[in-house]
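To start, the structure under review is shown below, and the notes come after it.
Only the coordinates and a few stated rules stand behind these numbers; no lab work does. Values in this document were obtained by computation on a predicted structure and should not be read as measured data. Cβ coordinates were reconstructed from backbone atoms using ideal geometry, including for glycine residues, and neighbour counts include every protein chain displayed.
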Amino acid sequence: MLDNPVSYALAVTDTTVRRYELQGRDQIEQDSAQYRSEIIKRGIDPALAAKLFRELLAPIQEYKQKTHLVVVPDGKLHLLPISALADSGQYVLASHSVSVVPSGSVLDMLQHRRVRTEQKELPYVGVAAWISKPPPTTLLATIRRAVSGPERRELVALPESRNEVETIAGDLPKPSTVLLGDHATKTAFERLPLNQYAVIHLALHGYADPEFPDRSALVFAPRSSPADDGLLQVREIRTLPLNTDLVTLSACDTGVGPVGEEGVANVVNAFIEAGAQSVVSTLWEMEDHSTAQLMIAFYGNLSHGKTKVEALREAQLGSLKSGDSPYFWAGFELDGEPNAPLFASSKSTSSLRSSQ
């Protein structure tokens, strides 16, 4: 819990609960905001990465004893990539897997949810609307009317998203469903048997509304119908009939401008409330090509039987080892249940596709 003059951390293991004193809220949030800003500018600040490690993790004795961290962040720590903090020049990612639970109430929900372990009939649906052209100005006007906050920049095309969702479909068990381009409408998505999919992958633009979080939305392809405005808002996400092991939002902060922690957490919360066990999302605007490559690596790891948190960490480590700065790998975050594998390392045959 962040507070002044002293913050507190609870370290909970299978057998112990211990409380630790940390730096005050003002210092932690100032350092976190500065480090996040450096990362987003594609910079590296080893001194600040080490300072934040000393402020947040070094006091916790259990850190050295464990290899997986489940973080329940407070305040603006929702926007800090814990895996990019550094101990003696080594990123946390190098020694630990990290997953997040957005809040104590979500943690309680996941712990008390009846786990439905039956095999899903449909392994995967991937959606990529903006594969060759950006959203039209008429849709952008709709977004500006629906979502409050600062003026939004123009949305761009996401050409790598097509390769992303199709390559992932090829790596995972069949049958798969892929909605591309003009076929990737909100109506088409909602008409799918969503409660039968193990994985829902959405390579879409997204908007967060810090003032009215329930208006935060994912942007689908427009449809000539007053009943479909192209925006799947948080209040609608909560009502989706999900029985889903994993929802991935691979491009959802691309082009959204400043995002408050309420908006980010609200989108993730909504999918978990709707029935998703885990959600992978991004903490800042991501570059299209590198996002596609990391996502393809992540799903390749899942297809070989890795757990969700292991699969994401190995994909991030691949980016780190290739020399990429934290901007390219630290922004991907796994919220919710981290440890269940999704697939055995086997593949079958056909897929169902609807493309532009």
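Okay, here's what the table says:
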quantity: FRET efficiency, 1/(1 + (r/R0)^6) with R0 22 Å, evaluated for Lys64 and Thr16 via beta carbons; calculated: 0.95
quantity: Of Lys51/Lys306; Lys174/Lys306; Lys76/Lys133; Lys66/Lys308; Lys41/Lys66; Lys76/Lys120, those spanning more than 29 Å from alpha-carbon to alpha-carbon; calculated: Lys51/Lys306; Lys76/Lys133; Lys41/Lys66; Lys76/Lys120
quantity: For Ser225, Ser99, order by how many other beta-carbon atoms lie within 10 Å, fewest first; calculated: Ser225, Ser99
quantity: Nearest-0.05 FRET efficiency for Glu314 and Lys174, computed from C-beta distance (R0 25 Å); calculated: 0.60
quantity: FRET efficiency for Gln90 and Ser225, using Cβ-Cβ distance with R0 set to 35 Å, rounded to 0.05; calculated: 0.05
quantity: Loop sites in segment 31-119: GluC sites (Glu not before Pro), DSSP, at most 16 other Cβ within 10 Å; calculated: Glu118
quantity: Least to most buried among Thr244, Thr187 (fewest other Cβ within 10 Å first); calculated: Thr187, Thr244
quantity: For Ile44, Ile60, order by how many other beta-carbon atoms lie within 10 Å, fewest first; calculated: Ile44, Ile60
quantity: Cα centroid separation, segment 1-58 to segment 189-229 (Å); calculated: 33 Å
quantity: Potential extension, Ser325-Met1 segment - 0.36 nm per residue separation minus Cα distance; calculated: 113.7 nm
